[in-house]
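Enquirer: First the structure, then my questions, so here it is.
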Amino acid sequence: MKVAKIRKGTFQHVESELYSYHETRKEIVRLKNEILYSSTSTEENVGGGRGNLPGDPTGQTAILLTTHKKLDQLQAIVEAIEAVYNILDPAKQKLIQLRYWTRPQTLTWDGIAKEVFVSRRTALNWRDEIIRAIAEKIGWR
């Protein structure tokens with residue numbers, strides 16, 4: 001999994017997305033529900049008299065779901081994290097779970113390294129490799 005070097009800010013951003021992965025998934029569900037079940041109608045013909053096209057609420061909802069920028073961005077992040085996570089070997093998956101998805105965080109890098117039976121430096125190298133792969137998958141530099 002050899003990938004190009006990324007900027008420090010991008011690295012930190014990807015790390016923060018890993019920390020908030022589960023909240024991001026919840027936000028995607030919330031946004032989809034908001035779009036699907038929102039009762040607000042977007043009136044495009046304000047003051048223009050009677051429209052000549054029949055209303056298509058299903059089509060409008062489909063368009064909103066496919067063109068919602070924030071939803072697209074969140075889905076791209078989650079898909080990248082899941083794609084990279086799914087191709088990792090079990091030891092690296094455990095590293096991600098222990099470091100980013102365990103609350104409260106009680107282990108240091110030394111503790112995480114002991115849990116996955118590697119040195120601290122190897123654990124940090126794995127982290128760097130995983131973060132870079134996720135950034136590349138999303139398209140961030």
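Enquirer: Scan the stretch 129-141 and report the pairs whose first residue is crowded, with 20+ Cβ neighbours inside 10 Å and whose second residue is not hydrophobic (A, V, I, L, M, F, W, C), with Cβ atoms within less than 7 Å and a gap of 6+ or a chain change.
Expert: Matching pairs, first to second residue: 130/92; 131/15; 135/10.
Enquirer: Exactly one condition in (1) touching a residue at least 60 places away in the same chain (Cβ under 8 Å); (2) assigned to a loop (DSSP other than H, G, I, E, B) is not met by residue 81; state its number.
Expert: Residue 81 satisfies every listed condition except (2).
Enquirer: Being on the phi < 0 side of the Ramachandran plot and surrounded by 12 or more Cβ atoms within 10 Å (Cβ to Cβ) is true for just one of 102, 67, 106. Which residue is that?
Expert: Testing whether each residue is on the phi < 0 side of the Ramachandran plot and surrounded by 12 or more Cβ atoms within 10 Å (Cβ to Cβ) leaves just 102.
Enquirer: Quick one: which of 86, 52 is farther than 20 Å from residue 125 by Cβ, modelled with pLDDT of 95 or more, of a type outside the set (Asp, Glu) and exposed (fewer than 11 other Cβ atoms within 10 Å of the Cβ)?
Expert: Answer to the check: 86.
Enquirer: Every residue in the stretch 113-141 that is within 25 Å of the chain's Cα centre (by Cα) and not in a helix (DSSP H, G or I), please.
Expert: The answer is 116, 139, 140, 141.
Enquirer: OK, next. Identify the residue in the stretch 6-21 that is more than 9 Å from the chain's Cα centre (by Cα) and not in a helix (DSSP H, G or I) and, among all such residues, is surrounded by the fewest Cβ atoms within 10 Å (Cβ to Cβ).
Expert: 7
The values are calculated or read from the model by the stated rules, or taken from the named source; none is laboratory data. Because the structure is predicted, anything quoted here is derived from the model rather than measured. Methodologically, a virtual Cβ is constructed for each residue, glycine included, from the backbone with ideal geometry; neighbour enumeration extends over all protein chains shown.
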